[in-house]
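K.L.:
Okay, handing you the structure first.
The values are calculated or read from the model by the stated rules, or taken from the named source; none is laboratory data. All of these numbers come straight from a predicted model, not from anything done at the bench. Quick reminder, even Gly has a Cβ in these numbers, built from the backbone with ideal geometry, and neighbours come from all protein chains shown.
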Amino acid sequence: MQIVRIGAGATELRPAEEIGAKAANLARMAALGLPVPPAFVLPVKLCADIIAGRAHAAQHLCDGLKEGLAFLESATGKRLGDRRRPLLVSVRSGAARSMPGMLDTVLDVGCTPDAVHGLIRATGRPRLAWDCRRRFLESFGETVLGLDPAPFAARISELVETEGVANDRELDGEALERLAAAEQALVEDRADGRLDDALAQLEAAARAVYQSWTSERAQTYRKLQQLDDLEGTAVTVQAMVFGNGGLASGAGVAFSRDPSTGAPRAMIDLVLDAQGEDVVSGRRTPDTDDAIARALPTIRDELGDVLRRLEREFGDVQDVEFTVEDGKLWMLQTRSAKRTPRAAVRIAIDLVREGLIAKDEALARIAGIDLAALVEISLVSAGTPAACGIGASGGIGIGRSAFDSEGAERLAAAGEPVILLRPDTSTADVAGFAVAAGIVTAVGARTSHAALVARQMGKPCVVGCGELKIDAAARRAKLGAAALREGDWITIEGDAGQIYLGRCRTSETRPEAELAEIAAWRSHVGVQC
């Protein structure tokens with residue numbers, strides 16, 4: 001089995017078709033000297049064999065994992081599942097083209113009971129160790145064993161209430177040890193002993209990531225985005241760095257420019273004392289700028305420098321995932337950012353003006369946009385919003401309320417425009433996103449996976465609307481003080497993050513100056529307007 005090594009002085013650059021875009025870009029970051037935890041990659045070509053259950057695939061997988069694990073253990077000075085210096089790893093997907101949130105990830109793999117004691121011994125932090133164990137149990141249970149996430153969430157809610165704290169971030173080590181025991185009880189009947197076997201965890205996680213290629217949401221996304229020619233996903237196994245070690249740590253996502261408007265300013269979301277899935281899943285709303293500045297005063301400047309370097313390296317707006325571990329920045333991923341059509345036009349023009357790309361390249365990047373239909377829609381005398389959230393994807397959306405994907409598809413099939421309102425930004429709702437005129441969620445961030453998909457689809461999106469309370473089973477919701485039923489009209493403003501009852505009046509303008517500049521490019525490079 002041919003693995004590819006990344007980091008620790010052993011970086012190998014390979015094309016995305018072999019190791020997936022995520023790993024290919026990770027290797028380029030490591031080659032630039034950016035702080036990247038060491039990793040190894042199992043190639044895309046193994047995906048089809050694993051899914052088909054071919055006889056040689058199991059041996060190839062086993063050989064690749066052993067070879068890669070030996071590299072990681074040498075690079076880190078740690079051992080998987082060790083009782084003294086334990087190595088924990090993430091197991092991530094990555095196709096040749098970005099499919100944000102559509103494929104699976106398993107975090108904290110190798111967090112056996114022995115590893116928990118090793119983490120406590122190595123760090124002196126029982127809370128960190130038990131938090132990693134309970135996170136592993138949730139991730140393994142949901143992704144590898146296919147368990148319903150609801151019982152895990154219920155256990156967390158029960159313990160938070162019992163302990164009298166605001167959320168799970170305030171639970172101490174003893175409480176998290178009890179939570180891990182309760183979650184293990186949910187998992188162990190189907191785990192076949194793998195909860196205590198680090199190597200078995202790793203193999204099962206790698207298989208699950210490969211198998212996620214055939215999930216319903218992944219297949220739906222590839223069909224919608226015309227990616228059916230992709231051959232499969234790679235699997236990247238990377239040494240864990242811990243954003244959940246306290247308020248000097250955190251996990252985040254950043255864009256080198258605003259992907260909704262195209263404005264040339266960085267957009268950064270960070271959740272303190274968290275791991276990456278807390279951010280990209282949309283389950284948590286990011287901490288405030290003031291809280292981040294107090295806890296990590298130098299991180300924004302350091303991250304800003306990294307974003308500028310990556311724009312120059314890749315010649316495009318970058319969407320990065322990162323972790324801060326005890327004040328140290330680690331880069332986990334970079335990719336070209338999904339953006340709205342209007343942002344794509346502005347970004348293309350700005351990159352040409354800045355000398356990062358040529359005019360013919362800029363024209364190629366916006367070739368799929370119907371410039372004749374490109375308009376900016378504004379509200380006219382909308383009045384007072386019923387509720388406010390965080391603007392995640394710009395534009396105006398007007399439609400009838402739906403509270404799940406099935407309701408959205410039903411209303412759309414009847415010829416009605418739809419606004420999909422959800423508790424969080426789940427990528428399982430991709431079919432609902434496709435038919436919606438706009439999306440609203442009660443929690444989440446501008447950088448969660450589903451917000452990225454909304455921008456890619458050109459859908460207005462508002463996230464983190466705490467005034468939204470949904471009862472999907474009863475097909476109703478509360479929006480601030482107002483009651484909302486399925487089918488009621490609402491209007492959303494995706495830039496300001498505002499939500500209005502009823503159908504608001506709008507006006508349209510065209511970005512004439514930008515369109516004229518693009519027409520001049522086409523004339524210059526000999527492309528017919």
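K.L.:
Considering (1) within 22 Å of the chain's Cα centre (by Cα); (2) crowded, with 21+ Cβ neighbours inside 10 Å, say which one Val345 fails and leave the rest.
P.N.:
Among (1) within 22 Å of the chain's Cα centre (by Cα); (2) crowded, with 21+ Cβ neighbours inside 10 Å, the lone unmet condition for Val345 is (1).
K.L.:
So, one more: I'd like to verify a number: residues in region 398-422 that are buried (at least 21 other Cβ atoms within 10 Å of the Cβ) and either of a type in the set (A, V, I, L, M, F, W, C) or not assigned by TED's automatic domain parsing to the domain that holds Ala386 (or both), how many?
P.N.:
9
K.L.:
For Thr123, indicate whether it is polar (S, T, N, Q), farther than 30 Å from Gln456 by Cβ and crowded, with 23+ Cβ neighbours inside 10 Å.
P.N.:
Here the answer is no, as Thr123 does not meet what is asked.
K.L.:
Residue check, Thr447 against (1) outside any helix (DSSP H, G or I); (2) among the polar types (S, T, N, Q); (3) under 23 Å from Ile377 (Cβ atoms), all met but one. Which one?
P.N.:
(3)
K.L.:
Go through region 274-293 and give me each residue that's touching a residue at least 12 places away in the same chain (Cβ under 8 Å), part of a loop (DSSP other than H, G, I, E, B) and either buried (at least 23 other Cβ atoms within 10 Å of the Cβ) or more than 8 Å from the chain's Cα centre (by Cα) (or both).
P.N.:
If the condition is that a residue be touching a residue at least 12 places away in the same chain (Cβ under 8 Å), part of a loop (DSSP other than H, G, I, E, B) and either buried (at least 23 other Cβ atoms within 10 Å of the Cβ) or more than 8 Å from the chain's Cα centre (by Cα) (or both), then Ala274, Gln275, Gly282, Arg283, Arg284, Thr285, Pro286, Asp287 are the ones that fit.
K.L.:
So which residues in region 4-39 are within 25 Å of Asp229 (Cα to Cα) and of a type in the set (A, V, I, L, M, F, W, C), if there are any at all?
P.N.:
If the condition is that a residue be within 25 Å of Asp229 (Cα to Cα) and of a type in the set (A, V, I, L, M, F, W, C), then Val4, Leu13, Ala16, Ile19, Ala21, Ala23, Ala24, Leu26, Ala27 are the ones that fit.
K.L.:
Can you name every one of the strands (runs of 3 or more DSSP E) wholly within region 465-527 that holds 1 or more residues which are free of Cβ contacts under 8 Å to residues at least 60 places away in the same chain and either closer than 24 Å to Pro341 by Cα or outside the structural domain of Ser401 (by TED's automatic domain parsing) (or both)?
P.N.:
Strands (runs of 3 or more DSSP E) meeting the threshold: none at all.
K.L.:
Condition (residue is under 20 Å from Thr214 (Cβ atoms) and part of a helix (DSSP H, G or I)) applied to region 31-44: is it met by at least one residue?
P.N.:
Within region 31-44, not a single residue is under 20 Å from Thr214 (Cβ atoms) and part of a helix (DSSP H, G or I).
K.L.:
Please indicate, with yes or no, whether at least one residue in region 480-492 is under 14 Å from Ser401 (Cα atoms), surrounded by fewer than 12 Cβ atoms within 10 Å (Cβ to Cβ), out of contact with any helix residue (DSSP H, G or I) (no Cβ under 9 Å at 6 or more places or on another chain) and among the aliphatic types (A, V, I, L, M).
P.N.:
yes
K.L.:
While we're on this one: Would a scan of region 423-430 turn up a residue that is out of contact with any helix residue (DSSP H, G or I) (no Cβ under 8 Å at 6 or more places or on another chain) and crowded, with 20+ Cβ neighbours inside 10 Å?
P.N.:
No, there is no match, as no residue in region 423-430 is out of contact with any helix residue (DSSP H, G or I) (no Cβ under 8 Å at 6 or more places or on another chain) and crowded, with 20+ Cβ neighbours inside 10 Å.
K.L.:
Further, regarding this structure: Return yes or no: is Glu231 of a type in the set (D, E, K, R), in contact with a strand residue (DSSP E or B) (Cβ under 9 Å, 6 or more places away or on another chain) and either assigned by TED's automatic domain parsing to the domain that holds Glu467 or in a loop (DSSP other than H, G, I, E, B) (or both)?
P.N.:
So Glu231 fits the description; yes.
K.L.:
What are the residues in region 110-122 that are closer than 20 Å to Ser249 by Cα and within 28 Å of the chain's Cα centre (by Cα), if any?
P.N.:
Cys111, Val116, Leu119
K.L.:
Let me ask another. Name the single residue that is surrounded by the most Cβ atoms within 10 Å (Cβ to Cβ) among those in region 201-214 being out of contact with any Asp or Glu (no Cβ under 8 Å at 6 or more places or on another chain) and among the aliphatic types (A, V, I, L, M).
P.N.:
Here the answer is Ala205.
K.L.:
Would you point out which residue out of Leu147, Leu128 is within 30 Å of Gln219 (Cα to Cα) and over 20 Å from the mean Cα position of the chain (by Cα)?
P.N.:
Exactly one residue qualifies, and that residue is Leu147.
K.L.:
With the structure loaded, tell me whether Leu46 is farther than 22 Å from Glu325 by Cα and buried (at least 22 other Cβ atoms within 10 Å of the Cβ) or whether it fails that test.
P.N.:
Judged against the criteria, Leu46 is a match.
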